[in-house]
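Below: the structure, in structure tokens.
The values are calculated or read from the model by the stated rules, or taken from the named source; none is laboratory data. Fair warning: this is a prediction, and the values are worked out from it, not measured in the lab. Virtual Cβ from ideal backbone geometry, glycine too; neighbours counted across all protein chains shown. When the accessible area is computed, the model is the full protein with side chains, heavy atoms only, and any ligands, DNA or RNA have been set aside. Shrake-Rupley method; radii C 1.70, N 1.55, O 1.52, S 1.80 Å.
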Amino acid sequence: MGFFGSAIELVPALRAAEFTRAWSAFRPYTPDELPVIGATPIRGLWLATGHYRNGILLSPITAEIVATLVLGETPPVDPSPFAVSK
């Protein structure tokens, strides 16, 4: 059915609506504007979020940090400043 089909099913008047534009500004950030990277108290749940507008720039090093942490290896940089519970 898809998103629009579901929306029309919920609000039939949308069938006559014209879709003109879409916008998203989902760039999560933290109050100190530092990303959150690392393990959480939930076993097996790791976070790599809060990069805000630098996400595209930081994604390679973030991926490397998380991969090494998950594998139990030493990350290329100290991730402690970005810990979930600092």
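Specify which of the listed residues (Ala25, Ala7, Ala48, Ala13) is open to solvent by less than 60 Å² (accessible area, probe 1.4 Å), out of contact with any strand residue (DSSP E or B) (no Cβ under 9 Å at 6 or more places or on another chain) and either within 23 Å of Pro81 (Cα to Cα) or modelled with pLDDT under 95 (or both).
Just a single option satisfies the conditions, and that option is Ala7.
When you look at Pro60, is it touching a Gly at 6+ places or on another chain (Cβ under 6 Å) and free of Cβ contacts under 8 Å to residues at least 60 places away in the same chain, yes or no?
Criteria not met by Pro60.
Please pick out the residue among Pro75, Pro41, Pro31 that is assigned to a loop (DSSP other than H, G, I, E, B), open to solvent by less than 60 Å² (accessible area, probe 1.4 Å) and either in contact with a helix residue (DSSP H, G or I) (Cβ under 9 Å, 6 or more places away or on another chain) or modelled with pLDDT of 90 or more (or both).
Sole residue among the options that is assigned to a loop (DSSP other than H, G, I, E, B), open to solvent by less than 60 Å² (accessible area, probe 1.4 Å) and either in contact with a helix residue (DSSP H, G or I) (Cβ under 9 Å, 6 or more places away or on another chain) or modelled with pLDDT of 90 or more (or both): Pro75.
Only one of these conditions is not met by Thr62: (1) hydroxyl-bearing (Ser, Thr, Tyr); (2) within 30 Å of Gly5 (Cβ to Cβ); (3) open to solvent by less than 50 Å² (accessible area, probe 1.4 Å). Which number is it?
(2) is the only condition that Thr62 fails.
Scan the range 68-85 and tell me whether some residue there is acidic (Asp, Glu) and touching a Phe, Trp or Tyr at 6+ places or on another chain (Cβ under 8 Å).
Scanning the range 68-85, I find no residue that is acidic (Asp, Glu) and touching a Phe, Trp or Tyr at 6+ places or on another chain (Cβ under 8 Å), so the answer is no.
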